[in-house]
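Below is one structure, written out as structure tokens; comments come after it.
The values are calculated or read from the model by the stated rules, or taken from the named source; none is laboratory data. These numbers were taken from a predicted model, which means no experiment stands behind them. Positions of Cβ are backbone-derived with ideal geometry, glycine not excepted, and every protein chain shown enters the neighbour counts.
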Amino acid sequence: MSDSVIKTIVVNRQTKETDIKLALNIQGSQKISINTGIRFLDHMLEQLASHGRWDLSIEVNGDTDVDDHHTVEDIAICLGDALQQSWRALASMQRYGQRLLPMDEALIMCAVDLSGRGIYVGELTFTRENLGSISTEMFEHFFNTLATNAAITLHIKPMYFRNNHHLAEGCFKAVAYALREALSPASGENTTKGML
């Protein structure tokens, strides 16, 4: 992405609800090991890392016997923190990225700006309450928390869908490709302010 090699960022978070160990390298080779205790979330995070071309390791011990909220939120906090550290370490980046992604019958529009401002705008309205053992309302909370902690602007808008699995997976893949574009090297300045 630049002349410099970005190191692997390690983030550990331990609270009364969760114990998380996360390692991210945005210049990776798709070395992925994820165990969140929520299998469907593992699948989504694997899509994000694989299509983003990241190395990503996440090991979680969370209070999923209570519900999925603390685990999903705290993973997003850790991943967002690691992502922010990563993009701020880049010597050069496009800053903006976008993707219109088809996932079978679903079509998702995503745009990102590595802006330094944590803003999420989304319209994720599922027609099922759960996918596997995760409540579908947690996906929007995940992306909101990720954007806040990564200090990025993230827009996700499904154009249409019929299958809820395809909607969720399409969102994670669209974010991955939009971030790949935003993190790719650029020539020249990407802000008139002098810094992000």
Hey, could you check region 31-50 for residues that are part of a loop (DSSP other than H, G, I, E, B) and touching an Asp or Glu at 6+ places or on another chain (Cβ under 7 Å) and say which is surrounded by the most Cβ atoms within 10 Å (Cβ to Cβ)? THR36
Some residue of region 22-30 being part of a loop (DSSP other than H, G, I, E, B), among the hydrophobic types (A, V, I, L, M, F, W, C), under 18 Å from ALA176 (Cβ atoms) and modelled with pLDDT under 95: no
Return a yes/no flag: does region 87-104 have any residue that is part of a helix (DSSP H, G or I) and either modelled with pLDDT of 95 or more or on the phi > 0 side of the Ramachandran plot (or both). yes
Picked from region 106-149 (must be hydrophobic (A, V, I, L, M, F, W, C) and over 24 Å from LEU183 (Cβ atoms)), the residue surrounded by the most Cβ atoms within 10 Å (Cβ to Cβ) is ILE134
So, GLY37, is that one at pLDDT 95 or above and in contact with a strand residue (DSSP E or B) (Cβ under 9 Å, 6 or more places away or on another chain) or not? yes
Which residue is nearest to ASN163 (Cα to Cα), if the candidates are limited to region 60-98 and must be charged (D, E, K, R) and crowded, with 21+ Cβ neighbours inside 10 Å? ASP68
If we keep just the residues of region 147-168 that are aliphatic (A, V, I, L, M) and in contact with a strand residue (DSSP E or B) (Cβ under 7 Å, 6 or more places away or on another chain), which is farthest from GLY52 (Cα to Cα)? MET159
Mind checking which pairs have a first residue in region 169-196 that is within 10 Å of GLY52 (Cβ to Cβ) and a second that is at pLDDT 95 or above and among the polar types (S, T, N, Q), Cβ under 6 Å, 6 or more apart or different chains? PHE172/GLN47; LYS173/GLN47; ALA178/GLN98
